[in-house]
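Q: The structure that follows is given in the form of structure tokens.
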Amino acid sequence: MRLILVVMFLSLPAYGKLDVRQSTQNYPVYADVLSELLVAVDSASPVKRGTRVEHGYTHHQIGWEFWFNSRARQCQVNKLTTRVEIEYTLPKLDSYSEAVKKLWSRWYPHLAEYQRKQGVMIIAAAERLDKQLEALPQLGNCRILEQQAQRISEQVQNELALALEQLQQQTEFGRSENAWLVDHLN
């Protein structure tokens, strides 16, 4: 009886939890005069797109791999791993000025929250991908199963890219979320 239960257990698909890894890369900003803060952040920021400087950035990578079992002319996913890596790039203030620190404390949480909002969208997309890959049916050809998985992945990633782009457009790259330092200086 035990042997039958072990064999039955081994033949069931094994899916792990979504593997989410998040980290923050800080770049130092030195400013002790309010009038120099914006220039200091702009100069220190490693995030530049053309002529535009951004004070925060969310980089992500979503990947997956699965192992399948092919027997009796059927191919079935029996193990799936979906990973998402998110790296936030944000400034970190080094200042002796209480006025600079006070302004920073009003602005910085908005910038960080805007980046985290993108992270939440990325994790949600990875969860959708994971669920769709788990739902792949048994097929007679493992190569076709793998191609279907790749199409699903591309579709989810394209939808995510569009959603992130829409967020940026709708919020003017975070401006409507109070994530622009210049708006706190006035």
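Q: Just to be sure I understand: with springs between alpha-carbon atoms less than 10 Å apart, which residue in GLY50, GLY174, GLY63 has the highest mean-square fluctuation in the Gaussian network model of the chain?
A: With Cα springs under 10 Å in the chain, the top fluctuation among GLY50, GLY174, GLY63 is at GLY50.
Q: Note down the magnitude of the dipole of the chain about its Cα centre, charges +1 on Lys and Arg C-beta and -1 on Asp and Glu C-beta and zero elsewhere, to the nearest 20 debye. Could you put the intermediate results ahead of the total?
A: Values: 21 positive and 21 negative charges, 179 e Å.
In debye, rounded to 20, the chain gives about 860.
Q: Please give the calculated 222 nm ellipticity per residue for the chain, where each DSSP H segment of at least 4 residues contributes -39500 (n - 2.57) and the sum is spread over every residue; nearest 500 deg cm²/dmol?
A: Working: 5 runs with 92 residues, N = 186.
Roughly -17000 deg cm²/dmol at 222 nm, from the helical runs in the chain.
Q: Which percent of the accessible area of the chain is formed by carbon and sulfur heavy atoms (probe 1.4 angstrom)? Let's see the in-between values first.
A: Numbers: 6080 of 11630 Å².
Roughly 52 percent of what the probe reaches on the chain is carbon or sulfur.
Q: Looking at the chain as a GNM with Cα springs under 10 Å, which of ARG175, ARG143, ARG83 has the largest mean-square fluctuation?
A: The residue with the greatest mean-square fluctuation here is ARG143.
Q: Note the listed values [x] 0.99; [y] 1.18; [z] 1.45, then indicate which one is Rg/Rh (Cα atoms, Kirkwood Rh) calculated from this particular structure.
A: [y]
Q: Select from segment 82-186 those GluC sites (Glu not before Pro) which occupy a DSSP coil region and have at most 11 other Cβ atoms within 10 Å, ordered by residue number.
A: Working: sites: GLU85, GLU87, GLU98, GLU113, GLU127, GLU134, GLU146, GLU154, GLU159, GLU165, GLU172, GLU177; in loops: GLU172.
Listed in order of number, the matching sites are GLU172.
Q: Compute the relative contact order of the chain as a whole-number percentage, counting only Cα pairs closer than 8 Å that sit 6 or more residues apart in sequence. Can you show the working numbers first?
A: Details: 263 pairs, mean separation 46.8, N = 186.
Result for the chain is 25 percent.
Q: Could you report the accessible area of LYS48 in Å², rounded to 10, computed with a 1.4 Å probe on the protein chains as they sit in the structure?
A: 110
Q: Eight or more residues apart or on different chains, and alpha-carbon atoms under 22 Å: count the Lys pairs in the chain matching that.
A: Lysine pair count for the chain: 10.
Q: Moving to a separate point now. Given the options TRP104, LEU185, GLN118, identify the residue whose Cα lies farthest towards the positive end of the charge dipole of the chain (+1 on Cβ of Lys, Arg; -1 on Cβ of Asp, Glu).
A: Of the listed residues, the answer is GLN118.
Q: Membrane-span-like helices in the chain: DSSP H runs reaching 15 Å or more (Cα, own axis), mean Kyte hydropathy at least 1.6?
A: On the way: long enough: 34-44 (16 Å, 1.35); 98-134 (53 Å, -0.65); 142-170 (42 Å, -0.64).
Once both thresholds are applied, nothing remains.
Q: Give me the percent of DSSP beta bridges within the chain that run antiparallel, rounded to the nearest 5. Before the final figure, lay out each step's value.
A: Working: 19 of 33 bridges.
That works out to approximately 60 percent antiparallel.
Q: For segment 71-123, which chymotrypsin sites (Phe, Trp or Tyr not before Pro) are both in a DSSP coil and crowded by at most 15 other Cβ atoms within 10 Å?
A: Details: sites: TYR88, TYR96, TRP104, TRP107, TYR114; in loops: TYR96.
Of the chymotrypsin sites (Phe, Trp or Tyr not before Pro), the ones in loops of segment 71-123 whose Cβ has at most 15 other Cβ atoms within 10 Å are TYR96.
The values are calculated or read from the model by the stated rules, or taken from the named source; none is laboratory data. Being a predicted model, the structure only gives us computed values, none of them experimental. All Cβ positions, even for glycine, are placed from backbone atoms using ideal geometry, and neighbour counts span all protein chains on display. These area figures cover heavy atoms from the full protein model, side chains too; ligands, DNA and RNA do not enter into them. Shrake-Rupley method; radii C 1.70, N 1.55, O 1.52, S 1.80 Å.
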